[in-house]
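Taken together, the values in this text are just the output of simple stated rules run on the coordinates, not laboratory data. Values in this document were obtained by computation on a predicted structure and should not be read as measured data. When we count neighbours, we look across all protein chains shown, and the Cβ atoms used for this are built from the backbone with ideal geometry, even at glycine.
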Amino acid sequence: MLSLKDGMMHCMRPALSIPCFRHGQSLRMGSTWSSPRTRSRTYAFPVRAVGVHVKETKESVIGDIAKDRSKVARVVLKKGKTQLFRSGNPMVYSGAIDRVVGRPPPVAGDLVMVTDGAEQPIAWGVYNPLSMFAVRIMQTEDEARREPECVLNMETLLQSRIESAVKLRKLLGLPSTNHTNVFRLVNSEGDRLSGLIVDVLGEHVVVASSAAWVERHRATIEVAIGQAIKTSQMSWRPSVEILKEEGLQVDISKDSSLEPALDVVDDFEVVENGVRYLASLAGQKTGFYADQRDSRLLLRSITGGSTVLDLCCYSGGFALNAALGGASHTIGVDSSAPALELAKANASLNQIDANSINFVKADVGEYMKSALSEGKLWDIVVLDPPKLAPNRKVLQRATTRYRNLNSMAMRLIKPGGLLMTCSCSGAMTQSGNFLSVIQEAALSANRRVTQLRYAGAAPDHTIDPAYPEGTYLTNVLLRVQ
């Protein structure tokens, strides 16, 4: 007999009499062998009503592990904000937080759980109450199920993430013997370690820090890197201005441990796509711009017999590749005297004929104006200016600058020649307006352009699709008529 009660289907099985010849009595189904009583058994099982959704809940791995750590605070998200972070976005802005539950309150660098409104964990990360990025997520619940040993364990997590980064670079062919030994090993959010950059320059490693948690866990990071790769020198580069926004004051002048490469007196040699460079740890960023690797190689393949102008050439990356690709003559222009000295040394290092390449110290805008007045033209122009829009607040002003520089560059190109133009400003790249700016520049120069290639940074500069804000570099190749 069946009955439905409280959402459960109950099955009443009646007792049946079966003769038991051994004992001269009947055996009733549903009873035990030792009891002569007549019993009925009831079986119950859940019934899902039509149109009613029954939600299955899983035990939270993060929550379960956190039970043994009573001091782990909970950062509770506002209603409607949960899905963004379940989907992998690693940056919890302060405006997405409803409340912080924990006594004592967490401080910068502390590990916290990120929860929904019901305080059910969806992720864990590092906290900073002084930053607009209040939590940088280290693991979502799904990631925690795959690697439970990393939950709320920064040492194990760093080892796992850096080892994973090493494996990925090996898959990309980095490093490669006698070909390329300079590359990015860890690219912040792209390698799920927001605020941490690690560049490999031969046997030298440069760590760039832009988050308070990176500074707090510096020793653990250094150990993890040392275990993952062979290195003879590790230099620490705190991004002082960015760290101020994290509420952290870093005074390099008073902390000798933060001075880059104290025991490296001279520049040292690295190799990229077979081209030799002198890298300088006293130079810009981490000492070498590896993000344009693929674009430099492409330029080398198309410069045979051409005249090339490399604007904002820094240490000569594009100019050297143009010359080695067979350009009839190459000029590199930059406003930095130290950068140009490095560029000249690189040309000599690669045994490039001094008559086929030269470098000029000048403001690129003034140089182009002068060249236009003299009627000079080139087959190929490369324009790779510094970051003109460090943030969205100055994007409009930077847009005008990009437009003017590109317009002048186009007027310096022979009809049918090529322009390789770049923007390393994240604000410009993420706006999606760079091509529009180029088109406006073409109209201003009375030229017509055809897009041949649209690229970003080399693949070792990984990007997390859940955090498109990590994109910053745009490289566009155009035919100019």
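Structure data summary
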read-out: Likely footprinting exposure, SER176, SER301, fewest C-beta neighbours within 10 Å first; value: SER301, SER176
read-out: Relative contact order for the stretch 360-425, counting Cα pairs under 8 Å that sit 6 or more residues apart, in percent; value: 50
read-out: Out-of-range pairs (alpha-carbon distance over 18 Å; input LYS79/LYS393; LYS244/LYS387; LYS170/LYS230; LYS369/LYS414); value: LYS79/LYS393; LYS244/LYS387
read-out: For the stretch 428-481 and the stretch 136-166, distance of Cα centres in Å; value: 34
read-out: Value of relative contact order over the stretch 61-151, rounded to a whole percent, pairs C-alpha under 8 Å and six or more apart; value: 33
read-out: For a label point 7 Å along the Cα-to-beta-carbon line of MET132, residues of the stretch 415-435 with backbone N under 18 Å; value: 425-432
